[in-house]
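Report on the structure given below.
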Amino acid sequence: MGKISLRAKQERALRRAEETLEKTIIHQRQGRLILGRWDFVIFGPSLNKKQAVLRICMAEQAVIQTAGVYVASIGDPALLGQPGMMPIEDLAGGDISEELRGLEVYHVAPLRPINIIDKRKGSDLDRMREMTLEEFSGSNTAIIETPDQEAWSLSALKYLHQCDENLPDPVMLELRGRMRDTSMIIGGSGELIH
């Protein structure tokens, strides 16, 4: 996935994104990664802290229709322009707060839209954490705690980014290995926050 680059029209949305990424806690990673699929649960408090929300999710690598489009999605926005930018609501299936709507994410390679399989609500964060750890600790599912359930997709991106750093995607490694000009996939001057 490379570095996650975010761009927003409002500074407040970027600050909220930075805070969410910094305060995300990964309790458990997947023990065995399945090629092209990442299973995780993500939970966190609501804004008013009066309840907690758990999402059972799966991110699955999108089918590559054309290599050119796929490569464009991993380039540097300063060099390539808009082709690699994607609104966060497209990645999160529209389940995002109004404040974060329109936040543009860059370096989403491989492209992995997130599917919410189930969404549960609970009375408080401590109880939700306890139930989640009890239910999913023995499974091949990552457990992620987000500081704000409305910004859950950012915490999910952080987890996916860390997976890529530790276990790089074989498709991306192959593409990078065959490219002559790798400058477009190494760092850049976008608004990088992670």
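Numerical summary
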{"item": "Extension reserve of the Ile117-Arg101 stretch, reckoned as 0.36 nm per residue once the Cα distance is removed", "result": "3.6 nm"}
{"item": "3J(HN,Hα) from dihedral phi, the range 9-24, Karplus parametrisation 6.51/-1.76/1.60, rounded to Hz, x for glycine, proline", "result": "6, 10, 4, 4, 5, 5, 4, 5, 5, 4, 5, 4, 4, 5, 9, 5"}
{"item": "Accessible-area value, Asp118, 1.4 Å probe, nucleic acids and ligands omitted, Å²", "result": "60 Å²"}
{"item": "Residues of the range 141-161 with amide N under 13 Å of a point placed 7 Å along Cα→Cβ from Glu19", "result": "147-151"}
{"item": "³J(HN,Hα), Karplus 6.51/-1.76/1.60, whole Hz, each residue of the range 88-95, x for Gly, Pro", "result": "4, 5, 5, 6, 8, x, x, 7"}
{"item": "Long-range HN-HN contacts of Gln30 with modeled amide H, under 5 Å", "result": "Ala142"}
{"item": "The range 28-40 - phi-based ³J(HN,Hα) in whole Hz, Karplus 6.51/-1.76/1.60, Gly and Pro as x", "result": "8, 9, 5, x, 10, 7, 9, 4, x, 9, 10, 9, 7"}
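The values are calculated or read from the model by the stated rules, or taken from the named source; none is laboratory data. All figures in this text were calculated on a predicted structure; none of them were measured in a lab. Every residue, glycine as well, gets a Cβ built from its backbone with ideal geometry; the counts of neighbours run over all protein chains shown. Each accessible area value is taken on the protein alone, full model and side chains, heavy atoms only, with ligands, DNA and RNA left out. Shrake-Rupley method; radii C 1.70, N 1.55, O 1.52, S 1.80 Å.
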